[in-house]
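Trainee: One structure coming up, written as structure tokens, with questions to follow.
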């Protein structure tokens, strides 16, 4: 009888231990998923803020009218993504600014180019960082054993800003 009670107690103890381990795993994976989801959402809002700040810096320096914003943003997003070379991209932006604001001096053009290059690099880094966070979140959702605990929560739709030209190139598979 003593051996039977010890065996039953051992199995009961193992069962309790297994439940505790599963509960700890669930809490850990759940917290990891929530942290990643919150970071991604915040990063996307931060990217919008960064894009807005980039536009304001450029438009204030070049004195670009609000009505010309969409045209400049199309050029900027293509340039910010690094889809064109520094020479070609900066030339396109400078030509657009010359057409939009013909009285801007070459000193202002140089200042604008410096703003554009530095902010392009920062924005490109932010976009890559956002994609890396999405990859980490997708891995957490899709891999075992975390998939058992948080797999049903769904993936996050990440918005990456690209130019129309880049989107068309990927659709047609031509540059």
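The values are calculated or read from the model by the stated rules, or taken from the named source; none is laboratory data. Source: prediction; values computed, not measured. For neighbour counting, all protein chains shown are included, and Cβ atoms are generated from backbone atoms with ideal geometry for every residue, glycine included.
Trainee: Mind listing just one residue for me: the one in the range 135-165 that is in a helix (DSSP H, G or I) and surrounded by 18 or more Cβ atoms within 10 Å (Cβ to Cβ) and, of those, farthest from the chain's Cα centre (by Cα)?
Mentor: Once the filter is applied, the top-ranked residue is 149.
Trainee: Still on this structure, please answer the following. Pairs please, first residue from the range 148-162 and touching a residue at least 60 places away in the same chain (Cβ under 8 Å), second anywhere and surrounded by 16 or more Cβ atoms within 10 Å (Cβ to Cβ) and part of a loop (DSSP other than H, G, I, E, B), Cβ atoms under 6 Å, 6+ apart in sequence or on different chains.
Mentor: Between residues of the range 148-162 that are touching a residue at least 60 places away in the same chain (Cβ under 8 Å) and residues that are surrounded by 16 or more Cβ atoms within 10 Å (Cβ to Cβ) and part of a loop (DSSP other than H, G, I, E, B), the close pairs are 162/81.
Trainee: Out of the residues in the range 95-134 that are buried (at least 19 other Cβ atoms within 10 Å of the Cβ) and over 22 Å from the mean Cα position of the chain (by Cα), state the one that is modelled with the lowest pLDDT.
Mentor: That would be 97.
Trainee: Output the number of the condition that residue 82 fails; it satisfies all remaining conditions of (1) on the phi < 0 side of the Ramachandran plot; (2) surrounded by 13 or more Cβ atoms within 10 Å (Cβ to Cβ); (3) at pLDDT below 90.
Mentor: (1)
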